[in-house]
1. Here is a list of conditions, (1) away from every other protein chain (no Cβ under 14 Å); (2) surrounded by 24 or more Cβ atoms within 10 Å (Cβ to Cβ); (3) among the hydrophobic types (A, V, I, L, M, F, W, C), and residue C:111 meets all of them except one; can you say which number that is?
2. Being charged (D, E, K, R), within 16 Å of ligand 1 (Cβ to nearest atom) and within 13 Å of another protein chain (Cβ to nearest Cβ) narrows it down to one residue among A:357, A:370; which is it?
3. Can you pull out the residues in the stretch A:413-462 that are among the charged types (D, E, K, R) and within 16 Å of ligand 2 (Cβ to nearest atom)?
4. Return only the number of the condition from (1) crowded, with 19+ Cβ neighbours inside 10 Å; (2) more than 14 Å from chain B (Cβ to nearest Cβ); (3) aliphatic (A, V, I, L, M) that residue A:402 does not satisfy.
5. May I ask you to list the residues in the stretch A:328-355 that are assigned to a strand (DSSP E or B) and either in contact (Cβ under 8 Å) with a residue 60 or more places away in the chain or aliphatic (A, V, I, L, M) (or both)?
6. Here is a check on your reading of the model: is residue A:493 in contact with a strand residue (DSSP E or B) (Cβ under 9 Å, 6 or more places away or on another chain), within 14 Å of chain B (Cβ to nearest Cβ) and either within 16 Å of ligand 2 (Cβ to nearest atom) or at pLDDT 90 or above (or both)?
7. Yes or no: residue A:48 crowded, with 16+ Cβ neighbours inside 10 Å and either more than 30 Å from residue B:213 (Cβ to Cβ) or away from ligand 1 (no atom under 16 Å from the Cβ) (or both)?
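The values are calculated or read from the model by the stated rules, or taken from the named source; none is laboratory data. Treat the numbers as computed from the prediction; the structure is a model and nothing was measured. So basically every Cβ, Gly included, is an ideal-geometry build from the backbone, and we count neighbours across all protein chains shown.
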Amino acid sequence: MINQPDLNRQQLEPLIRVENLSFDYEKKAGSSLIDDVSFSLLQGEVTLLLGASGSGKSTISLCLNGLYPEAVEGYKKGDVFFRGREIRQFEKGELNQKIGIVFQDPESQFCMMTVENELAFTMENIRIPQKDMSSKIDRILEAVGLKDFQKRPIHQLSGGQKQKVALASVLLLEPELLILDEPTANLDPVSSMEFIKLVSELQKERGMSVFVIEHQLDDWVLFTDHVLALSQEGKLIADGRPDLVFKEQLAMLGAEGIHLPKDITKFPAEKHKRLADKAPRFLERTISISHLSFKRKGNVILDEIDLALHKGEFVAIVGENGAGKSTLLQLMAGILTPYKGKIDFLNKSLKQWREQELRQKMGFVFQNPEHQFITDTVYDELAFGMKLNGTGERKMKARIDVLLDHFQLQNHQWSNPFSISGGQKRRLSVATMLDETPELLLFDEPTFGQDAKTTEELMTIILELKEQGTTVVFVTHDMDLVDQYCERTFVLDSGRIVFHGHPEKLWKNEELLHTARLRQPYRIRKQNLKQQKAGETYDLVR
Amino acid sequence: MISSVNPALKMVAILIPGVLLSFSFDIFTPLIYLIFVVAFTFMFSKISIKKWLLLFSPFVFLAIGFAWMTVLYTSDSFAGGRVLFEFWWFEVTTGGVMVGISLALRSLCFVALSLMFILTTDSTKFMLSLMQQFKLPPKLTYGILAGYRFLPTFKHEFEVLRQAHRIRGIGRAKGLKGRIHQFRRYAIPLMANAIRKAERVAIAMESKGFTGETDRTHYHQMSIGRKDWAFFTSIVGAFCLVIIASYQLGYLNIFGVQF
Amino acid sequence: MMRQWKLKEIVLMSIFGVVFAVIYLMFYFFGQGLRNFLTPFGLAPFGYEVIFGIWFIVSIIAAYVIRKRGAAFWSELIAGTVQVLIGSPAGPQLIISAAIQGLGAEVVFLATRYRNFSLYVLMMAGMSAAVFSYAWGWFQSGLAALTPGLIIATLTVRVISGALLAGLLGKYISDQLAQTGVLRGYALGKEWEEKRDKSA
Ligand SMILES: Nc1ncnc2c1ncn2[C@@H]1O[C@H](COP(=O)(O)OP(=O)(O)OP(=O)(O)O)[C@@H](O)[C@H]1O
Ligand SMILES: Nc1ncnc2c1ncn2[C@@H]1O[C@H](COP(=O)(O)OP(=O)(O)OP(=O)(O)O)[C@@H](O)[C@H]1O
Ligand SMILES: [Mg+2]
Ligand SMILES: [Mg+2]
């Protein structure tokens, strides 16, 4: 299903031409972070940039619109041309009205308080007449499914909802080039698909160019015209038509740790499948929740939740954006207090636990990795919990080295946690919770923004812990992950648990999948496709 | 309605009596004006009396405390009149009591004026009208708005940081020493995060095509019309009338000089 | 005058303004408590004076970190305005007090042509803000009604407080922040990096 563009690229006019671009955050000798990269983005094309986490994808995207190096005090060499004119020759802001960008971190891209004012701000910048604004706001909110949120303060939205606001405001800019840095990382499966469709429609309608950075590329490759790939050393290692790149350079991309389109790789689903089917080995309860309700600002977020988890179990909580998943997880971790109901952890009410004891037995990873960080270096971040527990110096160092190695953070141990790449932040936030073998691990979307290799590493570690009896809870939008690893799934819809059971049963319940805005995993879709006779175009919306 | 008055002009309107009141040291002027402000607030806005009282009443106590202090420490030029009573080394005179009550009433006037402003004004619109009517540069206006956006998230941010500390195993601080220690542990990261936000917000604004040019359209079009001037005239005019009245009645006292 | 300012510096300045507005307000109530505590000892007028310096700190921090014309003045003005917006009992004239205090700090930096940001200058700025604010308070909050001896004493205390709580503490906080590396993009952070590069 990879797009096979039939255009002759040479005939198209380049919108962006990058020549010998090098970039570094620190002045340093030797090879640069981004090392002598040259490529073109053509008018009206969709370009996909691939690369391992930390290879410099986000950095490149911010060089294209001239925000870097000034915004971060970096060091740049080489030239970037927009329609044949060097970007330094543009007036400040002029270029940014032509190049729209959705940043990787959904929280740091807003400057107004409410959704409405944020969208208006963008339109004022490009001088859209006041009389047109309201209708445009209505239309775009409708398109991203946030109609009821127009007057909401942005900080009261869920992670996915924030990402949608960011998308909406960039689309209003009507740019000539749209840069999307992992735009769907926090979206539920259906929203993500709808968004991709929206972009492809707008792209065709307006003939704009799109530059996408994405690890989960399966839905994008359907209409990508051009693929670029960065190596871990920051060199450009692939540049060409997607069908050709994925045919000729597949092995090399795989070795870089890049996710490949599932259509052309042997899908590893079978490997862990057996594991997921096994009945639980332990029967002790880890955590049990009864009649739990929670309100925020008078709105009921969770309503009469009941659930119980057992030792050594691996469960997933899924549901649409804003369903209340993060809230539920925070309640389970005891950092929010229930409005009503009871939570028992290891047969003792959560309220009766002493803080430090509780944290030794329970790990929690925030949806936004930055919320996790409380020290100034990656190393200190990892050492923090161990120091608190009085782990010996020698043992601590050894453990930290192992973690740094597993999560590919060796080269960044003295960096500030806030200034590493999106994927690295995610890994670090997960790593901080793995210093011991806790009884319960709660993860809020632990795998987003990860390349194939690190996802694999992460899952290996988690499965090891699970084998030792740790209960693992994932909040995730990745149905393939659920399909591969989880024994039980809870579906949350408008604050209620509407399904719980084996994922296999969930995949069969199409009505439920539809209302909870979920989607079957790739494996099932493929099976269905085969049954429907091979070949035909497959339905995106399933 | 006060809530529909142009916010920037509203600010100027309440600033004028807010400053000029500082020169009066009699009881009559602030008292009458306070009555006027409170009456005006309830006549021309939908603020609920309960909410207003809830916000206002703590300041009554503050004002009393303030008055008491002034009564005890009045300078000679103000402390005329009869000696009412003495204790320790303090000598309480009628002049002193007058000044004390005057200062208390004055501070209540300030509170009433501020409440009238705060409870009827959207802060975004306030900044926007400063830009549109008072020609504050957009760069400064939106820079300030972006910073101001941090205010409601401040509490949220603090919550998040506290949660982060909790999940890492640091419990709630107990006792004064623990609290102070905790304050230190929170203050710097909280500010460091704020600074990071500042940087990112600025990048985000520029990435959305913000140039700082004055040439831009406005979603919230602010303007100053008849209704706004009517408000201005009522607030400032009433103050002038009160001053004239207290002069006529012989109460007016500016800096201890009786007129 | 905002021409030479980068947007991120303006946003930073206003975030400082907002953060310190909250802190200022907390200190207002703290001062109230302090005064009630001191009243039985006959020291009530000093309740506020002792901590008065804290109300100039944002000027010092903003000027020290950003080092541009107007940083001290605007940041204090923003802090004052925000305090009113979040409901300070001191009322709208606080905006004017803030402007005057900010001006007090600003003149010292202006006198050095925004070139010298040593501890000495920062403390001077704090003291100057204290003097300006006292002059204004003379009219506005009825300081004129106090006895002359008390006036001299309170002024002295306020100036010292300005030097220590604004100048010294302001520098300390800014340096602590610079140490975390978040100020890389601003004048103070760059100075730190240069120092580090030299010593390395
Ligand atoms: N502000 C910064 N200061 C210093 N180093 C940085 C900064 N931002 C990123 N880096 C480093 O530069 C490298 C490239 O980062 P970048 O964010 O471009 O990676 P990426 O390819 O987008 O990765 P991901 O897929 O994880 O988002 C990383 O090693 C990261 O640690
Ligand atoms: N601080 C807050 N104040 C008020 N409402 C909030 C706040 N945070 C979240 N909400 C609302 O609560 C609901 C549930 O939010 P939650 O973050 O739990 O959703 P979620 O299921 O994790 O969504 P996502 O998949 O987008 O992360 C959402 O509708 C959201 O708008
Ligand atoms: Mg990235
Ligand atoms: Mg969530």
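1. (2)
2. Result: A:370 is the single residue among A:357, A:370 that is charged (D, E, K, R), within 16 Å of ligand 1 (Cβ to nearest atom) and within 13 Å of another protein chain (Cβ to nearest Cβ).
3. A:426, A:444, A:445
4. Against the list (1) crowded, with 19+ Cβ neighbours inside 10 Å; (2) more than 14 Å from chain B (Cβ to nearest Cβ); (3) aliphatic (A, V, I, L, M), residue A:402 comes up short only on (1).
5. Those that are assigned to a strand (DSSP E or B) and either in contact (Cβ under 8 Å) with a residue 60 or more places away in the chain or aliphatic (A, V, I, L, M) (or both): A:343, A:345.
6. So residue A:493 fails the test.
7. Judged against the criteria, residue A:48 is a match.
Residue-by-condition table, conditions (1) away from ligand 1 (no atom under 14 Å from the Cβ); (2) touching a Lys or Arg at 6+ places or on another chain (Cβ under 9 Å); (3) free of Cβ contacts under 8 Å to residues at least 24 places away in the same chain:
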| site | (1), (2), (3) |
| --- | --- |
| A:186 | no, yes, no |
| A:192 | yes, yes, no |
| A:199 | yes, no, yes |
| A:203 | yes, no, no |
| A:216 | no, no, no |
| A:231 | no, no, no |
